[in-house]
Amino acid sequence: MTIVSPSLLSADFLHLQQDVEMFDRSNAQWLHYDVMDGNFVPNISFGTKILKQVNSATEKFLDVHIMVANPLQAIDYFDGCGADLITFHYEACQNDEECLQVIEKLKNKGIKAGVSVKPNTPVEVLIPLLDKVDLVLVMTVEPGFGGQKFMPEMMGKCDWLYQYRKDHDLNYIIEVDGGINAQTGKTAVEHHCEALVAGSYCFSNTISFDEAVDTLLAL
């Protein structure tokens, strides 16, 4: 079954508790939580205090995506906040060695490790990391803002990740984020994606949150 991870970035911030409770009652398995520092990406979003409060309102899996300039330092801020998985950006590290240090640090904290690449970054750069991570996030928009249009040309990365995983007997999850709805989600699933991050489609749609989630789950 597809994993659906509604993105809290598209929630109603004036009614955040109600939206988290709505998510918690739904069939969505994960909640996607974007952290942006205004440096690595040109926007600023939630911090760790809100994540801790969100964690107190749900027992579901917290899928945290950090778009920050120094992930090795930043992940220390998440101690005790309830993150089940933290995905950092390959581009935010100086080299593979630093990426491996981030992964090791996350694992030592008991947090699953994910790595993400921007649209212009070839997915093959992740080869030294793929036997260490629990998830690979393929960005299907430029990270930093919600509501962007899905980039179908990114599906080649998903196909490559699937084949590499199969050839090397690995078990990371392939996740996509950006412009996901019923149509683009179907495309992503057809290209071997197992986890779909959906913001606007779930929280800002003409259909209900539950219907949006269940539509994606059925893909």
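Computed from the coordinates by the stated procedures, all read-outs in this text should not be read as laboratory data. This structure is a prediction, so every number in the text was calculated from the model and none was measured. Note: ideal-geometry Cβ built from the backbone for every residue, glycine included; neighbour counts use all protein chains shown.
The alpha carbons of region 1-106 give a radius of gyration and a Dmax of 14.1, 42 Å, in that order.
Dividing the helix sum by the residues of the chain, where each DSSP H run of 4 or more adds -39500 (n - 2.57), gives a mean residue ellipticity at 222 nm of -9500 deg cm²/dmol. Cα-based values for region 45-94, radius of gyration first and Dmax second, are 11.1, 36 Å. Let's test the formula: R0 of 22 Å, r as the Cβ-Cβ distance of residue 125 and residue 190. What FRET efficiency results, to the nearest 0.05? Once the sixth-power term is evaluated, E becomes 0.35.
In the chain, a dipole from Cβ-located charges (positive for Lys and Arg, negative for Asp and Glu) runs towards its positive end, and of 101, 17, 113 it is 17 whose Cα lies farthest in that direction.
Over the chain, with a single point scatterer placed on each C-alpha, what log10 of the ratio I(q)/I(0) does the Debye formula yield at q = 0.08, 0.10, 0.13, 0.17 1/Å? Here the Debye-derived log intensity ratios amount to -0.24, -0.39, -0.68, -1.22. Of the peptides 170-176, 47-53, 128-134, the order by per-residue mean of other Cβ atoms within 10 Å, starting with the highest, comes out as 170-176, 128-134, 47-53.
So if the hydrodynamic radius of region 96-219 is defined as the Kirkwood radius over C-alpha pairs, what does Stokes-Einstein give as its diffusion coefficient at 20 °C and 1.002 mPa s, in µm² per second?
On the way: Rh = 15.2 Å.
Value of D from the Cα-based Kirkwood radius: 141 µm²/s.
What the Cβ-Cβ distance of residue 162 and residue 16 gives, at R0 = 25 Å and to the nearest 0.05, is a FRET efficiency of 0.10.
Among the listed pairs 49/166; 52/107; 107/149; 105/149; 60/157, a Cα-Cα separation exceeding 30 Å is found for 49/166; 107/149; 105/149.
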